[in-house]
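I have placed the structure first, in the form of C-alpha cells, so that the comments after it can refer back to it.
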Amino acid sequence: MTRRILITGASVAGNTAAFWLGRAGFDVTVVERAPGFRDGGQNIDVRGVGREVMRRMGLEQAALARGTGEEGTVWIDGQGRVVARFAAADIEGDGPTAEMEILRGDLARLLHDAARTHAAFRFGDRVERIEPDAEGATVGFASGRRERYDAVIVAEGVGSSTRERVFPGENAPRWMDLTIAYLTIPRTADDDRMWRWYNATEGRGVSLRPDTHGTTRAMLMIQQPPGGEQDWTPDRQRAFLRARFADAGWEAPRVLAALDETDDFYFDVLRQVRMKTWSKGRVVLVGDAAWCVTPLAGIGTTLALTGAYVLAGELSRDRDVASAFAAYERAMRPMVDKAQGVPKVAPRLMNPHSRLGIRLLHTALRVASNPRLRSLAVRAFARPPLEPDLSPYRTLSAHRLS
C-alpha cells in the first residue's frame with residue numbers, strides 16, 4: 001500500500017522534501033496556509049552542501065541564472081563613501097556575498113515548480129488539530145477536513161503553530177538581540193550591484209541589496225534586547241521604525257518613505273529555535289521549525305535544503321519511521337549545532353552603538369579588506385559547517401514506510 005505523508009508549509013524545506021519523497025513513490029500532500037504560492041521575499045544564498053542538493057535536483061544552473069546579480073559587499077559611511085569593499089570577483093569561494101545569491105521567492109518558485117509534479121498542494125488551509133500515535137497521525141484542518149497520514153513533516157517557520165501543538169512548550173528560543181525589518185523599495189539610478197551596509201549610532205543599520213526585478217531590497221536593523229516587538233501590529237512596527245530611524249542618516253529617509261507603499265514588509269526579532277528532539281511519534285520537524293539558526297549564521301537556506309533531502313533519504317530506506325527520524329537527526333545535528341554557535345556578541349560588534357564603535361568597526365573592516373588579509377576575513381563568513389555525508393542518498397528509491 002502506498003504510504004501517505006503530509007508536509008505542512010510550502011517553504012524551501014517543504015518543497016524540497018515534497019520533491020524527493022514524491023519522486024521516491026510516496027503519496028505526498030503539502031498544505032500551506034497562504035491562499036496561493038508566495039513569491040517575493042528577500043535575498044538568501046545557498047552554499048556548500050546545499051548547492052549539491054540543488055545540483056541533484058537539476059536546479060543548480062536555473063538558480064544561478066535567477067540570481068540577484070549581487071557583486072559583493074561594501075560598508076558605507078555617513079557621506080555615502082565606501083570604507084571597506086569585498087568584491088565577490090576578488091574572493092576565492094563564498095564570502096559575505098555567495099556565488100548563489102537569489103531571492104527567497106525565486107528559489108521557492110523553482111523548488112515548487114519541480115515538486116508539484118510529484119506532490120499534491122493545498123493552499124489556503126492549515127492544521128488545527130493533530131493526534132499522533134504509534135501508527136501515524138490524524139490531522140484536523142481549518143477547512144474541516146479530517147485525514148489520516150502515516151507521517152507528518154512540519155516545515156513551517158520559526159513561529160510554527162503545528163510545532164507548538166505537537167511539542168508544547170519544548171522550544172527554548174535563544175534571542176539574538178537583533179531586530180530586522182525587510183522591505184522592497186523602488187530602485188534609483190544610484191543603486192549599484194553591491195550590497196551596501198551603513199551603520200548609525202544606537203545600534204542601527206541600513207542595508208540595500210540589488211535584485212533582478214527592477215527594485216532594491218532594504219533592511220533596517222536595530223541591535224537591542226527583545227521587547228515583544230514581533231507581536232505588535234504592522235502599523236505599530238512601522239511607527240516604531242519611523243521613530244528610531246528618523247535621524248539615522250544616509251538612505252534611511254528613502255527606506256522609511258517606502259514603508260507604507262511596500263507590499264512585502266516583514267518584521268523579525270531574531271531568535272533561534274532550540275529543540276531537544278525533532279520528532280515525536282510519526283511527526284518530525286525540518287527547516288526553521290526545527291532549528292532556525294537566524295540570518296546571522298548565513299546558512300539557513302542551505303540547512304533547509306540539506307535537512308529536507310536527508311530526511312527524505314532516510315524515509316526512503318528500508319527502516320521503520322522511528323529509525324529514519326533518528327538517523328536524520330544524527331546526520332543533521334552537528335551542522336545545526338555549529339550554525340547555532342554564533343556568539344550573541346556578534347550583532348553588537350556589527351551594529352555599534354557609539355560613533356567610536358562605528359569608527360573601530362570601519363577600521364577593522366578596512367584592514368580586513370586589504371588583499372593580503374582578505375582570505376583570513378572571508379573565513380569568518382564561511383566557517384566549516386560540519387556538513388552531513390550525502391552519499392547514502394545519491395539514488396533515492398521507492399521504498400515504503402514500515
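Some observations on this one:
- Helices in the chain, meaning DSSP H runs of at least 4 residues, each add -39500 (n - 2.57). Divided by all residues, the mean residue ellipticity at 222 nm is -9500 deg cm²/dmol.
- By the beta-carbon count within 10 Å of each Cβ, the least crowded to most crowded order of Thr29, Thr16, Thr212, fewest first, is Thr212, Thr29, Thr16.
- Here is what passes the span test in the chain: the DSSP H helices with alpha carbon length of 15 Å or more along the helix axis and a Kyte-Doolittle mean of 0.0 or above are 12-23, 300-315, 321-339, 355-368.
- Inter-part distance, the stretch 95-114 to the stretch 299-352, computed on C-alpha centroids, equals 19 Å.
- Counting charges near Ala327 (Lys, Arg +1; Asp, Glu -1) among other residues having Cβ under 9 Å from its Cβ returns a value of +1.
- Which of Arg282, Arg394, Arg355 has the fewest Cβ neighbours within 10 Å, and the rest in rising order: Arg394, Arg355, Arg282
Rule-based calculations on the coordinates, nothing more; no lab input. Computed from a predicted model, the values in this text were never measured in an experiment. Positions of Cβ are generated from backbone atoms using ideal geometry, with glycine treated the same way; all protein chains shown enter the neighbour counts.
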